[in-house]
Amino acid sequence: MRRMTLIAIATMLATASAFAQGAGAAGTDMAESGAAPHPVKSAKPAAASTPESRSAAALALSHEPTFDEGTAQRIKEAALSYSDLAVRGGWPIIPAEAKFASGTQGPHDDLLRQRLLISGDLDPDKASGAYDDVLAESVKRFQARHGLAPTGTMTPRTLAALNVPVQKRIKQLEASLERLENMNFAFGQRYVVVNLPAAFAEAVENDHVVRRYRVIVGKTEKPSPTLTAEITSVNLNPTWTVPSSIAKTEISAHMRKDLGYLARMHMEVLDAHEAPIDPRSVDWSGAHTPNFTVRQQNGGWNALGAVKIDMPNPYSVYMHDTNQRNLFSDDYRFDSHGCSRVDNVRDLATWLLQEEMPKWNRAAIDAAIATGQREDIALPKKVPVAWIYLTGWMTKDQTVQFRNDIYDQDEQLLEATAEEAAFFSQAANHPLTAHLAQ
């Protein structure tokens, strides 16, 4: 029989605890006392020079991995803590029309302080007063934990995150745990993790994050997959073989309008034997699966940029550079066809290669790229890599992080899990099952 959901177990435990302590009106007592039963340790953001880099700078301070061998257990602990909050009434909703100004007393300042106190982002002795520097720092901590630029000002996105009910946060933790329990990943001394909802990649060594990179992952209509694989090689100055799905739709659409499109994009059409063919002889109607291959030559125009990190997997996705590096400065980084574009990917390539092949330092990689010649460098020791989908997790320093369910997968997973549990429950209680068990 399937396990009960975390929220059900945790709620029962928290309810029993509340009654044992004589907290009959738990929600009211919580609001009056302003004390969180299990305060959540908040991330401390860093100062940054530009708004678009602040969120990255805040996260970069932490050396705690998003995903390690203890992540599942920590998510269980976080779910229990948040379920305790739910039993006690959760946190208050801040009105959409609320206004906050630094140094000015507002009618909703104490409500905001109460909200941040309950989630552990504000110290108990700072629970009243105007929107001062202390409250701004608490807002920054909350923003950093939710993937928002830690500015300390109440933006619409910050208000929306503050008003997400605690029950939904529990579901995020529960869905994240469900995914990890179905994932078989061989952690090594060195490994790479991409958390898709957070749009960040981490290079982990000896249980510490030694590199962290912004990434651009799949669009909502073309989501990046969750997977485990091994990084086998680094390709410098790679060519790009256009997936047949893109050739059938996007490339064909361009060619129907302009037969010169491929030439401008430094692309060529190849037959089954990789011999060039005349683009004018190709059916660009898009009505059929292409019986040809489109390949983009290497160079500054190449969609993969100067570096590709190969990681064979059933989805034919990989990590790579891009010729549109300006996209990394966006907060919303869900714009690929499924692969993961990595900011400062040459640095990641250096880290992957240097342990076993010290001659491939950053200068050597830059020099090889400058030649314009393709070079494929096989890793003597493969590096494990996991693309995960965690919208809620807790790191070893007890910081609970949340991100938006960008692909709307949490609710789907929990519904499927509930249906499966109901099926097995009905089967277990069926008269025939009882008869066979005798």
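The values are calculated or read from the model by the stated rules, or taken from the named source; none is laboratory data. Please read all numbers here as calculations on a predicted model, not as lab measurements. Every residue, glycine among them, receives a Cβ derived from its backbone with ideal geometry; neighbour counts consider all protein chains shown. Surface areas here come from the heavy atoms of the whole protein model, side chains and all, with no ligands, DNA or RNA. Shrake-Rupley method; radii C 1.70, N 1.55, O 1.52, S 1.80 Å.
May I ask you to list the residues of segment 378-415 whose amide nitrogen lies under 16 Å from a point 7 Å from Cα along the Cα→beta-carbon direction of THR155? Flagged as within label range: 402-404. Full extension of the chain segment joining ILE277 with ALA364 gains 27.7 nm, where the gain is 0.36 nm per residue of separation less the Cα-Cα distance. Stretching GLN297 away from LYS381 to a fully extended chain increases their span by 27.3 nm, per 0.36 nm per residue minus the current alpha-carbon distance.
Let's test the formula: R0 of 51 Å, r as the Cβ-Cβ distance of ILE93 and VAL210. What FRET efficiency results, to the nearest 0.05?
Values: r = 41 Å, r/R0 = 0.80.
Using R0 = 51 Å, I get an efficiency of 0.80.
Projecting label points 7 angstrom from Cα along Cα→Cβ for SER285 and LEU259 puts them 1.8 nm apart.
Given a Förster distance of 41 Å, report the FRET efficiency between MET183 and ALA101 from their Cβ-Cβ distance, rounded to the nearest 0.05. Display every interim value, and only then the final one.
On the way: r = 46 Å, r/R0 = 1.11.
Approximately 0.35, to the nearest 0.05.
Counting only residues at least eight positions apart within a chain, or on another chain, the lysines with an alpha carbon under 26 Å from that of LYS381 are LYS308, LYS359.
Can you figure out the FRET efficiency of ASP110 with HIS337, using R₀ = 45 Å and their beta-carbon distance, to the nearest 0.05?
On the way: r = 48 Å, r/R0 = 1.06.
Efficiency for this residue pair is about 0.40.
For segment 224-359, with all protein chains in place and a probe radius of 1.4 Å, 48% of the accessible heavy-atom surface sits on carbon or sulfur.
Classified by the C-alpha gyration tensor, segment 113-158 has a prolate form. Its axis ratio a/c, with a ≥ b ≥ c, is 1.5 or above, and a/b is larger than b/c.
Sparse packing (at most 10 other Cβ atoms within 10 Å of the Cβ) combined with a DSSP loop state is found for the following GluC sites (Glu not before Pro) in segment 273-357: GLU274. Annotation: lysines with alpha-carbon distance below 17 angstrom to LYS396 (same-chain offsets under eight excluded): LYS41, LYS44, LYS76.
Residue separation times 0.36 nm, minus the C-alpha to C-alpha distance between ASN313 and LYS396: what's the value? List each step's numbers first, then the result.
Details: separation 83, 0.36 × 83 = 29.88 nm, distance 2.99 nm.
Gain on stretching ASN313 to LYS396: 26.9 nm.
A simple spin-label model places pseudo-atoms 7 Å from Cα toward Cβ; at ALA130 and ASN344 they are separated by 4.0 nm. Each of SER138, THR228, THR241 was scored by the projection of its Cα onto the charge dipole of segment 118-259, and the greatest displacement toward the positive side belongs to THR241; charges sit on the C-beta of Lys, Arg, Asp and Glu. Note on SER233 and GLN354: their simple-model spin labels are 2.4 nm apart, each label 7 Å out from Cα toward Cβ. Accessible surface area normalised per residue over segment 94-251 is 39 Å², counting heavy atoms of protein chains with a 1.4 Å rolling probe.
Does segment 258-320 come out rounded, prolate or oblate, given a ≥ b ≥ c as the square roots of the eigenvalues of its C-alpha gyration tensor, rounded meaning a/c under 1.5 and, failing that, prolate meaning a/b above b/c? Show your work: numbers first, answer last.
Working: a/c = 2.16, a/b = 1.42, b/c = 1.52.
Note, shape of segment 258-320 comes out oblate.
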